[in-house]
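Everything below concerns the one structure shown next.
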Amino acid sequence: MLSTPDAGKRPLLLIAHPGHELRLFGWLRREQPLIVIVTDGSGSTGVSRVDLSERVVECTGGEIVVAGHFREPDLYERILCGDHAPLKAFATRLGEIAASANVSRSVCDASEGYHPAHDLCLPLALAAVRSARISPEIREYAVIGDPRMGRQIEGNVAMTLDDATWREKIACSRRYATDSGSVLEQEVRYMFDTFGEEAFRHEVLQPAGRITAQLEHGQRYYERRGEQQVAAGRYQRVLRHAEHMRPIEAGLSAAGAP
């Protein structure tokens, strides 16, 4: 559980928001990855959570090499406007980081249909390796779904945390959520209530693209949530998968292609 990674074989972890690293608390401690955080996690509060994630990494190990590249509201505006260029440039930077570190394994947020920034991580990871002309193994993990999902499927990497590490993970997650003072506290409480704390003893990495988006009446969660926010007068436009995300994904897919 607490073995030291081989020199020169550290993986790269690509996450949409600060705090996602808590889902892989034990894996971080074992693998000591390089960590790239796409947004600052500011959301509607305007307050970055990067400093909270820096504390997590200090106690688990690893190295944050990019912290909050995009302000969260700015990223959404770029998606709504179809502005591909900054995301393509970011993918190129990721590829350079991975190639320079001789990364042979990458792990990223799965595209679960919950949040557009989460769903961009895999397209960014794929564009990065194409840009750098490298071929690391790419795996994903559930950010919102049941953390036990896929643990018995052949080919998945599954870890079961010992009691001490599991308890530390739960305590650290609750402390992080409280300190964030944002919607994250509600989300952490919801996940513990839904799956139970025991479920978070498990950490599962699946081959990229295996975890699929959860749909309701053909819509992703962020679309339904966006409709509610527009109806409440908080947003002016709904971010849609077909209209906004799919063109960005297509642009990233073309980035770095031979």
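Summary table
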item	result
Coarse-grained scattering of region 19-100 at q = 0.15 Å⁻¹, given as base-10 log I(q)/I(0) from a Debye sum over alpha-carbon atoms	-0.61
Within a Gaussian network of the chain (alpha carbon springs, distance under 10 Å), most fluctuating of Ala177, Ala91, Ala242	Ala242
Global size of the chain as Cα Rg and Dmax, reported in angstrom	17.4, 53
In sequence order, calculated HN-Hα J values of region 60-73 (Karplus, 6.51, -1.76, 1.60; Hz; x Gly/Pro)	9, x, x, 8, 7, 9, 9, 10, x, 4, 10, 5, 4, x
Share antiparallel - DSSP beta bridges, the chain, percent rounded to 5	30
Candidates Leu215, Leu126, Leu205, ranked by Gaussian network fluctuation over the chain, Cα under 10 Å, top entry	Leu215
Under 9 Å, Cβ to Cβ, from Val103 - net charge with Lys/Arg +1 and Asp/Glu -1	+3
Total charge dipole magnitude, the chain, about the Cα centre, Cβ charges on Lys, Arg, Asp, Glu only, Debye to nearest 20	380
P(r) of region 1-149 over all Cα-Cα pairs, binned every 5 Å from zero, in whole percent	2, 10, 20, 23, 22, 15, 6, 2, 0, 0
Lys, Arg +1 and Asp, Glu -1 on Cβ, resulting dipole of region 57-150 about Cα centre, debye, nearest 20	380
Low-density loop cleavage sites - trypsin sites (Lys or Arg not before Pro) in region 185-258, where at most 12 other Cβ are within 10 Å (DSSP)	Arg234
Rg over Rh [alpha-carbon atoms, Kirkwood Rh] for region 102-214	0.99
Cysteines without a disulfide-compatible neighbour (Cβ-Cβ under 4.7 Å), the chain	Cys59, Cys81, Cys172
Shape call, region 159-213: gyration tensor on alpha carbons, a/c limit 1.5	oblate
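Just so you know, all these numbers are worked out from the coordinates, no wet-lab data involved. All values derive from a computational prediction rather than experimental measurement. For neighbour counting, all protein chains shown are included, and Cβ atoms are generated from backbone atoms with ideal geometry for every residue, glycine included.
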